[in-house]
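Quick notes on the structure that follows.
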Amino acid sequence: MANIVLIGFMGTGKSSVGRVLAAEFGCRFLDLDTVIEKLSGRTISEIFETDGEERFRGLETVIVERLVAGEFGSNLVVSTGGGTIVSESNRRALREWGKVVCLSASVEAILERVGKGKGRPLAEEADSEALAELLRSREEFYSDSDFTVETSTLSIMEVVQIIKGHLLLSGRRE
Ligand code: S3P
């Protein structure tokens, strides 16, 4: 059975949807940001603050390499960080490893969900225009996926059902 990888910008619902999707399939759920936090013993914000974004991206790539090497097991639903797929090697590795599902949302929905809450250094630093620009600059990378679900007006359960439908049609559960 193929692994499932959720990609998409901050606030598109990757972690919430991933957790429920994994439960539906009886799979294990892994959130890459949480793995990084556990292994480094620091929060994402602390890593950005003390080491900077570049170092964080390096950690992200190491975790993707370990994931696709099978270190965290198989039959997984994985949610990535919003910027994980900016790296071409991460994109390639994840596409070979599993079905890549992109979650998208309007800038308005993203702003509402992300708010000014703590824990997302890039969102905390950016105003709405900068966030929209960051989203635009990544759109080509998010479209490099098996299919996309637009989540702006959907509940978590609705998104999960749509993903399940796509995966069943594409034969993932054959
Ligand atoms: C980031 C998104 C975050 C986290 C980090 C950087 C990004 O993950 O990896 O703050 O570059 O878009 P979420 O998409 O889960 O918020």
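Just the residues that are under 18 Å from the mean Cα position of the chain (by Cα) and acidic (Asp, Glu), please, taken from segment 130-157.
Scanning segment 130-157 gives Glu139, Glu140, Asp144, Asp146, Glu150.
Any residue at all in segment 75-88 that's open to solvent by 70 Å² or more (accessible area, probe 1.4 Å), in contact (Cβ under 8 Å) with a residue 60 or more places away in the chain and more than 20 Å from Gly11 (Cα to Cα)?
Checked against the condition, which is being open to solvent by 70 Å² or more (accessible area, probe 1.4 Å), in contact (Cβ under 8 Å) with a residue 60 or more places away in the chain and more than 20 Å from Gly11 (Cα to Cα), segment 75-88 yields no hits at all.
Of all the residues that make up segment 18-32, how many are within 13 Å of the ligand (Cβ to nearest atom), out of contact with any Asp or Glu (no Cβ under 9 Å at 6 or more places or on another chain) and in a helix (DSSP H, G or I)?
0
Answer yes or no: is there a residue in segment 140-152 that is hydroxyl-bearing (Ser, Thr, Tyr), open to solvent by 60 Å² or more (accessible area, probe 1.4 Å) and within 25 Å of Ser87 (Cβ to Cβ).
yes
Yes/no per residue for (1) within 10 Å of the ligand (Cβ to nearest atom); (2) in contact with a Phe, Trp or Tyr (Cβ under 8 Å, 6 or more places away or on another chain):
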residue: Thr34; (1), (2): yes, no
residue: Glu60; (1), (2): yes, no
residue: Val68; (1), (2): no, yes
residue: Ser79; (1), (2): yes, yes
residue: Thr84; (1), (2): yes, no
residue: Arg91; (1), (2): no, yes
residue: Lys99; (1), (2): no, no
residue: Ser104; (1), (2): no, yes
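Residues in segment 33-42: is at least one under 15 Å from the mean Cα position of the chain (by Cα) and surrounded by fewer than 16 Cβ atoms within 10 Å (Cβ to Cβ)?
Yes: one or more hits.
Considering only residues that are more than 10 Å from the ligand (Cβ to nearest atom) and either in contact (Cβ under 8 Å) with a residue 24 or more places away in the chain or buried (at least 19 other Cβ atoms within 10 Å of the Cβ) (or both), which ones fall in segment 44-58?
Residue satisfying the conditions is Glu49 alone.
The values are calculated or read from the model by the stated rules, or taken from the named source; none is laboratory data. These numbers come from a predicted model, not from an experiment. Note: ideal-geometry Cβ built from the backbone for every residue, glycine included; neighbour counts use all protein chains shown. Surface accessibility is based on the protein's heavy atoms, side chains included, excluding ligands, DNA and RNA. Shrake-Rupley method; radii C 1.70, N 1.55, O 1.52, S 1.80 Å.
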